[in-house]
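Below is one structure, written out as structure tokens; the observations come after it.
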Amino acid sequence: MDAVVLVGGEGTRLRPLTIERPKPVLPLLGRPLLEYVLERLAGAGVTRVIFGCGYLPDPIQACFGERALGLALEYVVEPRPMGTAGGIRHAARGRISDTFLALNGDVLADAPLAELVALHRERGASATIALSPVDDPSRYGLVRTAGDGSVLGFLEKPAPEEIDTDLINAGAYVLEPSVLDLIEEGRAVSIERETFPALIGAGLHAFAQSGYWSDVGTPESYIAAHHDLLAGRIHSRLPGPLPGERWIDEAATVSPDAVLEAPCHIAAGAVVGAHARLGAGSSVAADAHIESGAQLLGAVVQERARVGESAIVEDAVVGPRAQIGAGARIGPGAVVGPGVLIPDGAEVPGGERVFPEGAR
């Protein structure tokens, strides 16, 4: 079975982390976010994945090459932004001639896709949408279904009084090739707002699945994904930590006087100094340095970054090669961009984003 994975978005809500590399290859406990998507596809019996690329395609191809996790990989680059439906059509046209999966490449989920495919075939559907329940459906588009699973309608960003379901589009679809003929050429087309509504009453079905689901699209959700993986809230068979445990690579250097609270992650080449503290949920990427007395409180420190003596980073992201000065404090939800220098004793308020000079 084939799959199309959309990886062309600019990841604007995650900037400045996505200035140098696209969201699908942002590291998540030492491996690209997209690798978790490929794991899920391999588990569903997919043998070939076609990436629908747009923004910064080269880092994705450099990361995965022609094969990964037993999957054959192909890359199709959009000449211009084509929307979700247009991107699927562009990647699949002339390459796929049978039932196929289509996924957003920035969704972290563990519901089995084989169940979705089996239900699609059982119902003889033209398209089947995976649904996921969420705590706050007002932030998303809702999908209303009948008892037999057929889709009755969609409701985008509903008012509280309009909410009659907690099921949202989970960004995973099973499609028949005939659906591609409904997607107009020459302009950007949204599968959520145009293609699927046009299929209501014409074989459009949906299937609610339990399990973990997150649209890793903001710094908060990116940080939370690290916490959830470390805590074992996401089912993955990829090599990694046991739920709730410390995961320290053999090639990391950690002072015996450092305090490491489980769960946490320290990658190969990372250095953690004396009396440094890694709070639960913290992650230190390859070749990063955490100097003596520094505190990471649920923080994510990316490759080759440095956190100075007695600095505090709380539920924030320190981008690659960034340097946090001694005694500096980075507040919750803040993002320090690639290569940025935060002076000694400075404070970055919670939620603030610090961009490299000249970048936005």
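Remark: pairs (first residue in region 338-360, closer than 13 Å to Ala322 by Cβ and open to solvent by 50 Å² or more (accessible area, probe 1.4 Å); second residue β-branched (Val, Ile, Thr) and part of a loop (DSSP other than H, G, I, E, B); Cβ separation under 9 Å; 6+ apart in sequence or on different chains) = Glu357/Val340.
Looking only at residues of region 301-318 that are in contact (Cβ under 8 Å) with a residue 40 or more places away in the chain and assigned to a loop (DSSP other than H, G, I, E, B), we find that the one that is surrounded by the fewest Cβ atoms within 10 Å (Cβ to Cβ) is Glu303. Selection of region 40-57 for residues being closer than 23 Å to Gly94 by Cα and within 18 Å of the chain's Cα centre (by Cα) yields Leu41, Ala42, Val49, Ile50, Phe51, Gly52, Cys53, Gly54, Tyr55, Pro57. Restricted to strands (runs of 3 or more DSSP E) entirely inside region 196-261, those with at least 1 residues that are within 18 Å of the chain's Cα centre (by Cα), touching a residue at least 12 places away in the same chain (Cβ under 8 Å) and surrounded by 15 or more Cβ atoms within 10 Å (Cβ to Cβ) are 213-215. Here the condition is being over 19 Å from Tyr173 (Cβ atoms) and acidic (Asp, Glu); of Glu39, Glu66, Glu78, it holds for Glu66 alone. Is it the case, given these coordinates, that Arg321 is of a type in the set (Lys, Arg) and either under 18 Å from Val335 (Cβ atoms) or buried (at least 23 other Cβ atoms within 10 Å of the Cβ) (or both)? Yes; evaluated as a whole, the condition is true for this residue. Checking the structure you have, find out if any residue of region 103-120 is touching a residue at least 60 places away in the same chain (Cβ under 8 Å), surrounded by fewer than 16 Cβ atoms within 10 Å (Cβ to Cβ) and not acidic (Asp, Glu). Within region 103-120 (the criterion being touching a residue at least 60 places away in the same chain (Cβ under 8 Å), surrounded by fewer than 16 Cβ atoms within 10 Å (Cβ to Cβ) and not acidic (Asp, Glu)), the answer is yes, since at least one residue qualifies. Of the strands (runs of 3 or more DSSP E) entirely within region 77-173, those holding at least 1 residues that are aliphatic (A, V, I, L, M) and farther than 30 Å from Val25 by Cβ occupy 142-145, 151-155. Among residues that are open to solvent by less than 10 Å² (accessible area, probe 1.4 Å), in a strand (DSSP E or B), of a type outside the set (A, V, I, L, M, F, W, C) and modelled with pLDDT of 95 or more, Gly52 is included.
The values are calculated or read from the model by the stated rules, or taken from the named source; none is laboratory data. Every value quoted in this text rests on a predicted model; they were computed, and no experiment measured them. A quick note on method: Cβ atoms are made from the backbone with ideal geometry, for glycine too, and the neighbour counts reach across all protein chains shown. Heavy atoms of the whole protein, side chains included, go into the accessibility calculation; ligands, DNA and RNA do not. Shrake-Rupley method; radii C 1.70, N 1.55, O 1.52, S 1.80 Å.
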